[in-house]
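Worksheet for the structure shown next.
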Amino acid sequence: MRKHLLVGAMAAVVLALLVPGIASALGPSISGDVQYTGSHTGKIWVRAFSGPPPPDKATQIPGPGLFILADLDFEVYHVCAHMDVNPQDGPQAEDPLGCISVDLTHGEVGRVVIVMQDPKPEFVPEPGSLLLLGSGLMGLAGYAGLRLRKR
């Protein structure tokens, strides 16, 4: 039974992507592809926001690939894809993320591409580096003091 439901859902997504207007019987839809080339794995949440959270629509896909958000209003949306690398911790700053703006004021939009990227790591100096810098500055100050005394 679950296998038939999964096949039916996949067929609906493919039809919605290939035949414009088929998923918009209730309202316009956004469909497309989530791409990611990094090393993380996990389920991906695709969410559409037209205002502050919570999202207007959301769907979960097993990994990079096709998605559809159906039955939306005629508005401008921010569509974000977020890979939940560690589901026990919830969304984290180091999880891959990608966002795009989509204008649905004129109807359905298909073939949207969301590219997820790993966040860039922030530079945080290590304690050993700070100790080395501090001792070097103290050495320079001591050398300058000796030179002043000799004069």
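Just so it is clear, none of the values below were taken in a lab; they were calculated from the coordinates. Every value quoted in this text rests on a predicted model; they were computed, and no experiment measured them. As a convention, Cβ positions derive from the backbone with ideal geometry for all residues, glycine included, and neighbour counts pool all protein chains shown.
Could you list 61, 30 in order of exposure, starting from the residue whose Cβ has the fewest other Cβ atoms within 10 Å?
Fewest-to-most Cβ neighbours within 10 Å comes out as 61, 30.
How much net charge surrounds residue 120 when only the other residues with a Cβ under 14 Å from the Cβ of residue 120 are counted, with Lys and Arg +1 and Asp and Glu -1? Walk me through the numbers on the way to the answer.
Working: positive: none; negative: 94, 95, 118, 122.
Within the 14 Å Cβ shell, the charges total -4.
Run the numbers for residue 117 and residue 50: contour at 0.36 nm per residue of separation, minus the present Cα-Cα distance, in nm. Mind dumping the intermediate values first?
Working: separation 67, 0.36 × 67 = 24.12 nm, distance 2.25 nm.
Contour length minus Cα-Cα distance gives 21.9 nm.
On a full-extension model of 0.36 nm per residue, what is the gain between residue 86 and residue 60, subtracting their alpha-carbon distance, rounded to one decimal in nm?
7.9 nm
Exposure proxy check: 147, 47 ranked by fewest other beta carbons within 10 Å?
On the way: 147 9, 47 20.
In increasing order of surrounding Cβ atoms, one gets 147, 47.
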